[in-house]
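Data block below; observations after.
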Amino acid sequence: MANPVAKKLILAALLLLPVSMYLGSLLISGAVNFRTLENIGQGPTAKGHPLRDFELTQSTGQPWTADSLDGKIAVVSFFFSSCPTICPAMNFHLKQAHDRMYAFKDVVFVSYSIDPETDTPPVLEAYKQRFDVGGSQKWHFITGDRETIYQLA
């Protein structure tokens with residue numbers, strides 16, 4: 001009787017051989033045609049515009065102004081806490097980005113509510129807890145005057 005280790009090696013080789021042949025035939029036939037991207041140089045720089053002065057309110061009740069973003073790279077989103085569809089999915093993905101970028105001191109996440117009548121600071125503070133960012137100093141949930149928020153958008 002053959003050695004059990006030898007049997008396993010033969011079985012592995014028999015399984016890998018067809019897979020290797022298939023992948024090799026794909027490469028030879030050109031079905032998988034990898035290309036490198038050419039270097040086209042640096043593209044144009046976005047000009048942007050400075051933020052106008054505004055004052056809104058954070059979920060903590062503290063004021064939020066244009067100066068709150070001074071020197072920061074802001075990942076900005078617009079949502080409302082009673083949104084049943086896209087907002088929870090969007091904020092789930094933002095939470096993943098938040099967690100990955102937490103160590104970058106200049107990066108902050110700012111979520112502006114587009115339903116300030118419903119999304120009061122206590123409501124936003126509870127909403128933050130749903131995404132486990134209640135204690136985060138890097139993700140700010142903002143409410144306030146609807147017109148001001150719409151102008152920021």
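The values are calculated or read from the model by the stated rules, or taken from the named source; none is laboratory data. Please read these numbers as outputs of a predicted model, since none were measured by experiment. So basically every Cβ, Gly included, is an ideal-geometry build from the backbone, and we count neighbours across all protein chains shown.
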**Request:** Would you mind finding the one in Tyr127, Tyr112 that is touching a strand residue (DSSP E or B) at 6+ places or on another chain (Cβ under 7 Å) and part of a strand (DSSP E or B)?
**Result:** Tyr112
**Request:** Tell me, yes or no, whether segment 101-112 has at least one residue that is within 22 Å of Glu147 (Cβ to Cβ), surrounded by 13 or more Cβ atoms within 10 Å (Cβ to Cβ) and polar (S, T, N, Q).
**Result:** yes
**Request:** For residues that are within 30 Å of Ile149 (Cα to Cα) and among the aliphatic types (A, V, I, L, M), scanning just segment 1-53, find the one that is modelled with the lowest pLDDT.
**Result:** Ala46
**Message:** Conditions first: (1) under 17 Å from the mean Cα position of the chain (by Cα); (2) outside any strand (DSSP E or B). Pro84 passes all but one, so which condition is the exception?
**Reply:** (1)
**Residue check, Asp67 assigned to a helix (DSSP H, G or I) and of a type in the set (Asp, Glu)** = yes
**Prompt:** From Glu117, Glu147, which residue is over 16 Å from His93 (Cα atoms) and part of a helix (DSSP H, G or I)?
**Reply:** Glu147
